[in-house]
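Rule-based calculations on the coordinates, nothing more; no lab input. The shown structure was predicted, so the numbers you read here are calculated from the model rather than taken from an experiment. No Cβ is skipped: glycine too gets one built from the backbone with ideal geometry, and neighbour counts run over all protein chains shown.
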Amino acid sequence: MKGTQSSAEEKYDGFTAEERDAMKERAKELKSSKRGSRTPKADPEVEVLAKIAEMEGTDRVIAERLHDIIKTNAPALSPKLWYGMPAYARDGKIVCFFQPALKFKARYATLGFNDPANLDEGTMWPTAFALTELTPEDETRIADLIRKAAG
């Protein structure tokens, strides 16, 4: 039947609403970091902590613990927002990031690592970890990964 297609199918343009929101957040981040801007730059760590405070439930609990673990075990990494998510950089390049489950309506949150992370092991190694909660064992493993990634 003509005209029975759902509105979701008609409006699909290759990106979900959540992905488009993340791209908009990234564009704002880039715009605010441009040199010569008349507005004073906000402290990136304050921005990261504010973004974490906006999170709900388990996402916020995990993000707060990850922030503490990263700051303790890799103080050389600088907190900053990346696509509206907490991230930690070395020399301006994102080493690791936290993707809250609710941001993309996922079943779990993600601790991800980018190319600058020194996690290489042979010809294959993980670059992202699903998180549903943090046990003391998880925190120890994450601290080890963060130290290695920042190395």
Checklist entry - Where the centre of each part is set by its Cα atoms, how far does segment 137-151 sit from segment 71-88, in angstrom? => result 14
Checklist outcome for this item: Between the Cα axis of helix 17-33 and the main Cα principal axis of the chain, the angle (0 to 90°, nearest 10) is 50
Checklist entry - On a 0 to 90 degree scale, rounded to 10, what angle separates helix 44-54 from the longest Cα axis of the chain? => result 60
Checklist outcome for this item: The FRET efficiency for L49 and A17, from their Cβ-Cβ distance with R0 = 25 Å and rounded to 0.05, is 0.45
Item to check | Dipole axis of the chain (+1 Lys, Arg; -1 Asp, Glu on Cβ), positive-most option in T140, M55, T16 | outcome: T16
Next on the checklist: Please give the charge dipole size of segment 85-151, origin at the Cα centre, charges +1 on K and R Cβ atoms and -1 on D and E Cβ atoms. Round to the nearest 20 debye.
Outcome noted: 300
Item to check | Ranked list, fewest to most other Cβ atoms within 10 Å of each Cβ, for Y88, Y83 | outcome: Y83, Y88
Item to check | Rel. contact order, % - alpha carbon contacts under 8 angstrom, at least six apart, the chain | outcome: 19
Checklist entry - For segment 26-151, what is the convex hull (Cα atoms) projected area averaged across all directions, in square nanometres? => result 8.3
Checklist entry - Along the Cα-to-C-beta direction of A42, a point sits 7 Å from the Cα; which residues of segment 72-104 have their amide N less than 19 Å from that point? => result 78-89, 98-100, 103
Checklist outcome for this item: Ranked on Cβ counts within 10 Å of their own Cβ, fewest leading, T123, T72, T110 go T123, T72, T110
